[in-house]
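To start, the structure itself, in structure tokens.
All of the numbers you see were taken from the coordinates with simple rules; none came from a lab. This is a predicted model, so every value here is computed, not measured. Positions of Cβ are generated from backbone atoms using ideal geometry, with glycine treated the same way; all protein chains shown enter the neighbour counts.
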């Protein structure tokens, strides 16, 4: 019995339960199912269609993605002859894992996080910056011109979004005077959320977030009419799902992050309610889902930019905006004396 | 030792953005150095097959060259055939012909706009445009009985008369389309991303457009007011009041705007036709006498093909016709040796003439401009390949 108890203790310890269950893999999986369904349903609504319908009609086709996943699971995985096999198989796995990983550093209440750090604000972003490397590897190992161009475009995109993203978060760090996400949420308990405190940084981060997760209008790396499906052209079966899942996982992680930094995290819940991580966790997820919903809604409004236009937007507009947001933060600190 | 500096990109025929052809692009980084559309993947030898068929059997055949634009292809062929036979359609039939041709022009332009939207990533435009084709396809179905391949225009007239409730429904569809054009304007035509993608992309200037022989809306977007409906009017176009939509920019966005302008013109033309369509017969008197039961025909107001049509024998000679199809000037050439089959049949389709614009408009552009320009030319591979 002792062994079982010990096993349970290990399984129920925050270091396991957080990355695997809440808010980790399982919850992210559910969130992805929901957001993919929501994206398709919302786009369908705009475009005067039905969208997913027949998989559990009573739920409006909600488990459509599960059905798609099952289909992909039984699809043969084709590995092209000329590809670099190890890199071809491993890079989607790393890509997905690294896209998921930052979730460990995102606290869902004062005391609920897998990994406490007073640098968690930086840690989340730093972990996400590793993913483009695997994207490049993925495109290179496929030995296909479209994959190669797609992954190069992804690399270029990174140059457009990464610096504005970091600088806009720097602005928030200056305004809150901390790099710890728990404290960041604590600073917003007054009711003045980050989005109201520094709207410039919020806009910059939101646009950079769209670029990171390849949402429209920044879908340049996967541009279907140009590059088939960009870096993933040669992929099939379950590893293709990992590639696609990576961008949704990234979207989910970044939306939670956005909810914590700009939308007050688990505020306005106060002390006795935040003891149990479930209620504040749900609050953060609801805010995160709103952000995700807004991100996926862009698909029905915008066409796709050209890569050079995205780069221009990144350097000419976003970068300037992010620097201005730092100045705004400095001004706020100087005036309000935070 | 010299290293390879350029990348040869083979786009298609198995590619979501290529259509039924292979695009060979020589890339230097993101810039297109050389561009070669490789066509012929959907060549069906329409001209040769036509030599083995009787004249009436060719009507459905020429429609197959361009399924989004069947009425105009049908009209072009029948005009050439009528010149060979030396007959004219009665006025009411001519009105009905142009009614169908303009309905067809609207839904063909919507088809092109939808594909264009999808090519630069606006799936909303694709769905909206394809959804809004539906009222016009429905109208055409009321009129002709078929959704796309109408085979409505026959030598000497048309197959069916205007249905009872057609006028009101048509006017409803037209005002619906006018409302929807405003929606398109907001979501796609003047969307900032669309403007960024299409303004100044794939420019064909006035002189080049004339030199390389681009036709249709693509030519008019380069500032040349050339429209067969004005230059060499056929059927009832002289009686209709319409403008030739011209823009001077010559870029992909101008081509899009010209198409939208033409949809507006077609809407006004259909209104005029519905307003002043005269009463009368829908088939030339020469054939009317041969219709099996004349009274039954007048009651049902549709034409059952007289047996004579299967053995239609034009006298020896040749005839040409020019019509303005949705994608540009369509040319039919028909040679008869006095038998029941044409001796030679030749179609010069607008898409084939516009093909050269690819090569011209894409040099020096970026890779991502290929679909943007492709869509703006409204190129339809089966029409070019025939």
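Apply the a/c threshold of 1.5 to the C-alpha gyration tensor of the range A:5-134 and tell me whether it is rounded, prolate or oblate. Since a/c reaches 1.5 but b/c is at least a/b, the shape of the range A:5-134 is classed as oblate.
Quick check for you: which residues of the range A:179-197 have the amide N under 20 Å from the point 7 Å beyond the Cα of residue A:116 toward its beta carbon? What the label zone holds, given the 20 Å backbone N cut-off, is A:179-189. Distance between the C-alpha centres of the range A:273-338 and the range B:16-61: 47 Å, rounded to the whole angstrom. Label positions at residue B:49 and residue B:31, each projected 7 Å from the Cα along the C-beta direction, are separated by 4.5 nm. Listed by Cβ neighbour count within 10 Å, with the fewest neighbours leading, B:15, B:109, A:316 appear as A:316, B:15, B:109.
If you take the alpha carbon atoms of the range A:84-336 and fit the smallest convex hull around them, that volume is 113 Å³ per residue. Modelled label positions at residue B:14 and residue B:67, each set 7 Å beyond Cα in the direction of Cβ, lie 2.2 nm from each other.
Its DSSP H runs of at least 4 residues, each contributing -39,500 (n - 2.57), put the calculated 222 nm mean residue ellipticity of the protein assembly as shown at -17500 deg cm²/dmol, to the nearest 500.
The residue B:363 and residue B:4 beta-carbon pair, evaluated with R₀ = 25 Å, returns a calculated FRET efficiency of approximately 0.80. Computed from the C-beta positions of residue A:286 and residue A:143, the FRET efficiency with R₀ = 45 Å rounds to 0.55. Inter-chain neighbour count for A:140-152: the average number of beta-carbon atoms from partner chains within 10 Å of each residue's beta-carbon is 1. With the alpha-carbon atoms of the range A:228-321 aligned to their principal axes, the span from lowest to highest coordinate is 52, 41, 22 Å, starting with the largest. Take A:177-190, A:202-215, B:336-349 and order them by the average number of nearby Cβ atoms within 10 Å per residue, most first; the result is A:202-215, A:177-190, B:336-349.
For the peptide B:26-34, the mean number of other protein chain Cβ atoms found within 10 angstrom of a residue's Cβ is 1. The modelled label-to-label distance between residue A:97 and residue A:316, using points 7 Å beyond Cα along the C-beta direction, is 4.2 nm. Contact order, relative form, for chain A: 24 percent (alpha carbon pairs under 8 Å, 6 or more residues apart, mean separation divided by residue count).
What is the Cα centroid distance between the range A:158-210 and the range A:26-60, reported in whole angstrom? When both Cα centres are located, 30 Å separates them. Panel order for B:26, B:82, by other beta carbons found within 10 Å of each beta carbon, from fewest to most: B:26, B:82. For the residues of B:13-19, the average number of beta carbons from a partner chain within 10 Å of their own beta carbon is 3.
P(r) tail, the protein assembly as shown: Cα-Cα pairs separated by more than 49 Å, 30% of all pairs.
What FRET efficiency would be calculated for the residue pair residue B:279, residue B:186, taking the C-beta separation as r and a Förster radius of 45 Å, to the nearest 0.05? So, using R0 = 45 Å, E works out to roughly 0.60. What is the range B:147-213 by shape, rounded, prolate or oblate, if you read a ≥ b ≥ c off the alpha carbon gyration tensor as root eigenvalues and call it rounded for a/c under 1.5, prolate for a/b larger than b/c, and oblate otherwise? Here the range B:147-213 falls in the oblate category. With contacts defined as alpha carbon pairs under 8 Å and 6 or more residues apart, what's the relative contact order of chain B in percent? Relative contact order here is 26 percent.
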